[in-house]
Structures are given as C-alpha cells and as structure tokens.
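Presented below is the structure to which this report refers.
The values are calculated or read from the model by the stated rules, or taken from the named source; none is laboratory data. Worth saying up front: this structure is predicted, and the values here are computed from it rather than measured. Note: ideal-geometry Cβ built from the backbone for every residue, glycine included; neighbour counts use all protein chains shown. Each accessible area value is taken on the protein alone, full model and side chains, heavy atoms only, with ligands, DNA and RNA left out. Shrake-Rupley method; radii C 1.70, N 1.55, O 1.52, S 1.80 Å.
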Amino acid sequence: MSNNSKVVLTTSIVMFVLGVIITLITLGLLNVDVAEMLRNNLLIVILLGILFVIALAYLIFFGIKAYKQHLYQKNEKEPHDLVKFDTLTQLYNFDYFVKLMQKMEIPFSLVMLDIDDFKEINEKFDTVIGDLVLKVTAKSIRENMRYCDIVARYKGDAFLIILSNCPAQNAKVLMKQIQINIKENQALSEKNIRLSTSVGIKFVDKKEATEVLFRNAVEALCNAKGNQEDAKIVIYGKEILNKPKNLKCNEKINL
C-alpha cells in the first residue's frame with residue numbers, strides 16, 4: 001500500500017470516528033434525549049442514515065482502492081526481485097552478485113566453492129537428486145553466513161560467496177566447517193551420497209578489477225581441485241602462482 005493511500009484511508013477513518021464522537025459529546029452536553037428526538041424528527045433520522053451510508057461507502061471505496069494499489073505494486077515489484085535470485089537455490093544469481101560485489105567495502109574474502117564430480121552424480125542418479133545436492137549445498141552455505149555476507153549460485157555446481165571484513169584464514173576455517181556440513185548432510189547420507197567440495201579463496205584488501213578478482217578465485221579453486229581430500233581449500237597467494245593448474249578444472253568466469 002502506497003503512503004498516499006495509507007494517508008487517505010487513515011484520514012477517512014479518523015474523520016468518521018471523530019465525527020461520531022463529537023456528535024455524541026455535543027448531544028450529551030446539550031442534554032438531548034436522542035431517542036425522543038429521533039422519534040419526533042423522521043427527517044433527521046433519514047438524513048443521518050444517508051450520511052452514515054455515504055461515509056461507510058466512502059471508507060469501503062478507499063479501502064478497496066488502497067488494497068488494489070497494494071496488490072498492483074506487489075505484482076510490479078516481484079518480477080524485479082526474481083531477476084536477483086536463482087530459482088532452484090533461492091540464492092542471488094551471478095549478475096546481481098557482481099553488482100553487490102562492486103559496491104562492497106574492502107576488505108573482504110571472495111570465495112568460490114565447487115562440488116567435485118557433480119556430473120558423475122547426475123549420471124549415476126538423476127537430475128532430481130542433482131537438484132537436491134545443489135539445494136543442500138546452498139542451504140549449508142547460507143546457514144553459516146552472517147547477515148552482512150553475500151551468497152550466490154554462479155552456474156551449475158559452482159557457488160560464490162563474499163565474507164565481509166573476513167581475513168583469508170578465518171574464511172578458510174568457516175569453509176572447512178561448511179564442507180563438513182555438506183559431506184555429513186543427513187538427506188544425502190540416506191541416499192548414500194557423501195559430497196566432496198573444493199574451495200578457492202581470494203582475500204581482497206585493495207581495489208582490483210572485478211575480472212582479476214574472479215580469475216584469482218578460480219585459480220585458487222583449480223588448485224584445490226588437484227589436492228587430496230584434506231586440502232580442498234586453497235587461498236590465492238604466492239604459494240600457488242607457480243603451480244600448474246589442475247587440468248580437470250574448467251571453471252571460467254564470464255562477466
């Protein structure tokens with residue numbers, strides 16, 4: 001409901017109630033026998049009845065009008081909201097994530113998480129289970145985030161996270177816990193699925209081009225994919241600059 005509609009509706013109700021109260025107070029002060037007056041003045045009764053009906057119709061009219069305007073504004077707003085979210089996971093989509101990241105205050109950690117062997121999971125089971133895997137992963141990430149953090153689905157089985165004012169080592173600890181939550185998820189365990197995920201972290205402490213930040217996060221992720229299960233989180237830095245990329249990693253960010 002718009003502010004103007006609220007004002008009109010509220011004003012109408014207040015004026016009607018005040019009118020009734022003032023009328024009753026006036027009659028009381030004048031010591032008027034209302035019942036006797038109405039019996040002896042049929043015209044007054046008719047006029048009061050007409051005024052009451054008009055006032056009631058006025059309130060109903062503006063009430064319906066305000067409600068219709070509220071529904072219209074809600075329906076107009078929903079399509080704009082939908083373009084922000086991924087329909088399957090209810091996380092932000094990549095385009096909106098990029099917009100938010102570009103407005104983010106430094107420092108923060110940019111995290112990219114990818115489900116290992118997701119293609120094989122889809123082939124072994126079916127797309128219904130594949131969708132369940134994506135939903136479980138999204139839920140495990142979101143439940144461990146703070147209000148100020150941002151989570152998005154990039155594409156397929158890849159997810160992007162911004163951890164506000166979070167050093168890389170702290171981000172690593174958090175992501176390790178998320179990896180455990182995903183692997184030990186009960187809904188997946190019942191279907192004999194234990195997920196492995198890889199994580200790349202880029203700590204951002206200065207202004208850099210968006211393309212560079214994503215490329216660094218992808219490079220860290222690719223190195224994580226080549227590691228053993230206990231080292232599936234890699235922080236971008238000097239220690240990986242000279243390492244060859246894992247050939248199985250084909251993540252490319254398309255801005």
Filter the stretch 77-95 for residues that are loosely packed, with under 10 Cβ neighbours inside 10 Å and modelled with pLDDT of 90 or more and give the result. 87
Among all residue pairs at least 6 apart or on different chains, which show Cβ distances below 9 Å where the first residue, located in the stretch 208-232, is touching a residue at least 24 places away in the same chain (Cβ under 8 Å) and farther than 20 Å from residue 106 by Cα and the second is part of a helix (DSSP H, G or I) and of a type in the set (Gly, Ala, Ser)? 224/231; 232/224
Keeping to the stretch 91-134, report how many residues are on the phi > 0 side of the Ramachandran plot and among the basic types (Lys, Arg). 0
Can you tell me which residues in the stretch 123-174 are hydroxyl-bearing (Ser, Thr, Tyr) and either farther than 20 Å from residue 86 by Cα or open to solvent by 20 Å² or more (accessible area, probe 1.4 Å) (or both)? 127, 147, 154, 164
Considering the stretch 175-196 alone, what residues qualify as being under 17 Å from residue 113 (Cα atoms), touching a residue at least 12 places away in the same chain (Cβ under 8 Å) and open to solvent by 40 Å² or more (accessible area, probe 1.4 Å)? 176, 177, 181, 183
May I ask you to verify whether residue 161 is part of a strand (DSSP E or B) and of a type in the set (A, V, I, L, M, F, W, C)? yes
State whether the residues of the stretch 150-167 include one that is at positive phi, at pLDDT 90 or above and within 28 Å of the chain's Cα centre (by Cα). yes
Lone qualifier among 221, 213 - being of a type outside the set (D, E, K, R) and crowded, with 22+ Cβ neighbours inside 10 Å: 221
Residue identified as out of contact with any helix residue (DSSP H, G or I) (no Cβ under 7 Å at 6 or more places or on another chain) and among the aromatic types (Phe, Trp, Tyr) among 94, 159: 94
